[in-house]
2 protein chains.
Amino acid sequence: MVHADASNFAAGVTKEEAYQQVLDQAEGLFYEQRNWVCNLSNAAALLWHAYKSLPSPSNQVNWAGFYTLDPLSPPPPPTTTAPVNGKRPGPQQLILGPFQGKVACQIIAFGRGVCGAAALTKTTQLVPDVEGFPGHIACDGDSRSEIVVPIVVDDRLVAIIDVDCTVVNGFDGVDRVWLERLAELVGKGCDWPAPAFVSST
Amino acid sequence: MVHADASNFAAGVTKEEAYQQVLDQAEGLFYEQRNWVCNLSNAAALLWHAYKSLPSPSNQVNWAGFYTLDPLSPPPPPTTTAPVNGKRPGPQQLILGPFQGKVACQIIAFGRGVCGAAALTKTTQLVPDVEGFPGHIACDGDSRSEIVVPIVVDDRLVAIIDVDCTVVNGFDGVDRVWLERLAELVGKGCDWPAPAFVSST
């Protein structure tokens, strides 16, 4: 049976050990449970409590969670740049998913800010100082550094992992490697909603 | 624009004032945004930070969030008690939704534990000491009291609000009144997924 102890981390663990526990526990939680809301909610809890068990800067994390492809998002832009019926499709957008931390922005357009850049490019964004990132969305003025990892399934962006920290240089290559592993596990371990709009291209 | 400050509560506010802020902020957040995952995620953040701003016992809350009707849940049992094809339908079930706190149980059958009782009876369960509640599900041994409020839309149970506290008598009539107001706001403010199973009765 699932137990809250899954999110208890021993004192003195290394960052690698904490992330390993996150992955092990997530794999167990996702066994025979593919509901994405359920799984992202528990994964956010695992991440949050892992960071809080670590020394600074990791314990200065102030937001950990997910954005997913908004089901009301328009389809990806067609390869042609010609407008359709006089209009160009708007950008795809992310919508807030399960998280731990303070209230957060609800909608983020692909390409906007750190999350939008990760969604648009399908590449991890490791930002040592958000104030130097073009178009940064300051949902929380306390956030000073951020890492965003795309979750891609069958070449489709389905979600992102987003983690914020109140100090600069809150994240490094270790976070990148392990969060990318978590993104792969989450991507494979959930049934993702089909997009409401289906592109004909 | 949505800002994390929405979950900052002034020092010294009363419980009523904190809940009023939760409702006011939730109403603002739900304006022109009816995605239930997005809205429950922010509502859980509001509740969590409200409790943490209050004196004991409210600041001893260790879990605040939602369970929703599992889309894979079987339909409600028919009024007849006769088995169908030799089988009786299993009970409906809840599935974990957005929350703040430690990792939590994923599936709860209607009628099981405090959450299941609220879902089955569609009535608030205010439990001063969970150890005295028949069939209590001990997801977290630290939890000692609990309040669970049903979210009912068009006479259909769509979700519950669940809050746990590490001390006995963590909740009172004030919590009941305000969480029931929040349940009504959340129920009206979200588009809820249609059940995957539709009863023919």
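Just give me the residues in the range A:128-152 being under 14 Å from the mean Cα position of the chain (by Cα) and either more than 14 Å from chain B (Cβ to nearest Cβ) or among the aromatic types (F, W, Y) (or both), in sequence order.
Matches in the range A:128-152: A:I147, A:V148, A:V149, A:P150, A:I151, A:V152.
Scan the range B:164-196 for residues that are of a type in the set (S, T, N, Q) and open to solvent by 50 Å² or more (accessible area, probe 1.4 Å) and jot them down.
The one that is of a type in the set (S, T, N, Q) and open to solvent by 50 Å² or more (accessible area, probe 1.4 Å): B:N169.
What pairs come up if the first residue lies in the range A:104-117 and is within 14 Å of chain B (Cβ to nearest Cβ) and farther than 16 Å from A:E146 by Cβ, the second is assigned to a strand (DSSP E or B) and open to solvent by less than 30 Å² (accessible area, probe 1.4 Å), and their beta carbons are under 8 Å apart, counting only those six or more places apart or on different chains?
A:Q106/A:I95; A:Q106/A:L96; A:I107/A:L94; A:I107/A:I95; A:I107/A:L96; A:A109/A:L94
Can you say whether B:E32 is open to solvent by 40 Å² or more (accessible area, probe 1.4 Å), within 21 Å of the chain's Cα centre (by Cα) and either closer than 28 Å to B:I95 by Cβ or not polar (S, T, N, Q) (or both), as far as the supplied structure shows?
no
Could you check how many residues of the range B:2-36 are at negative phi and either part of a loop (DSSP other than H, G, I, E, B) or in contact with a His (Cβ under 6 Å, 6 or more places away or on another chain) (or both)?
Qualifying residue count, the range B:2-36: 12.
Restrict the check to the range A:149-158 and report whether at least one residue is open to solvent by less than 10 Å² (accessible area, probe 1.4 Å) and not aliphatic (A, V, I, L, M).
Among the residues of the range A:149-158, not one is open to solvent by less than 10 Å² (accessible area, probe 1.4 Å) and not aliphatic (A, V, I, L, M), which makes the answer no.
Can you find even one residue in the range B:117-127 that is touching a strand residue (DSSP E or B) at 6+ places or on another chain (Cβ under 8 Å), surrounded by 24 or more Cβ atoms within 10 Å (Cβ to Cβ) and among the hydroxyl-bearing types (S, T, Y)?
no
May I ask you to say which residue of B:D164, B:D140 is closer than 29 Å to A:F30 by Cα, of a type in the set (D, E, K, R) and at pLDDT 95 or above?
So the residue among B:D164, B:D140 that is closer than 29 Å to A:F30 by Cα, of a type in the set (D, E, K, R) and at pLDDT 95 or above is B:D164.
Taking B:N39 as the residue in question, decide whether it is part of a helix (DSSP H, G or I), surrounded by fewer than 24 Cβ atoms within 10 Å (Cβ to Cβ) and away from chain A (no Cβ under 14 Å).
no
Consider A:D142 against the criteria (1) open to solvent by less than 50 Å² (accessible area, probe 1.4 Å); (2) in contact (Cβ under 8 Å) with a residue 12 or more places away in the chain; (3) within 25 Å of B:A44 (Cβ to Cβ): it satisfies all of them except one. Which criterion is unmet?
Only one criterion in (1) open to solvent by less than 50 Å² (accessible area, probe 1.4 Å); (2) in contact (Cβ under 8 Å) with a residue 12 or more places away in the chain; (3) within 25 Å of B:A44 (Cβ to Cβ) is unmet by A:D142, namely (1).
The values are calculated or read from the model by the stated rules, or taken from the named source; none is laboratory data. Note that the coordinates shown come from a computational prediction; the quantities given were computed from them, not determined experimentally. All Cβ positions, even for glycine, are placed from backbone atoms using ideal geometry, and neighbour counts span all protein chains on display. Heavy atoms of the whole protein, side chains included, go into the accessibility calculation; ligands, DNA and RNA do not. Shrake-Rupley method; radii C 1.70, N 1.55, O 1.52, S 1.80 Å.
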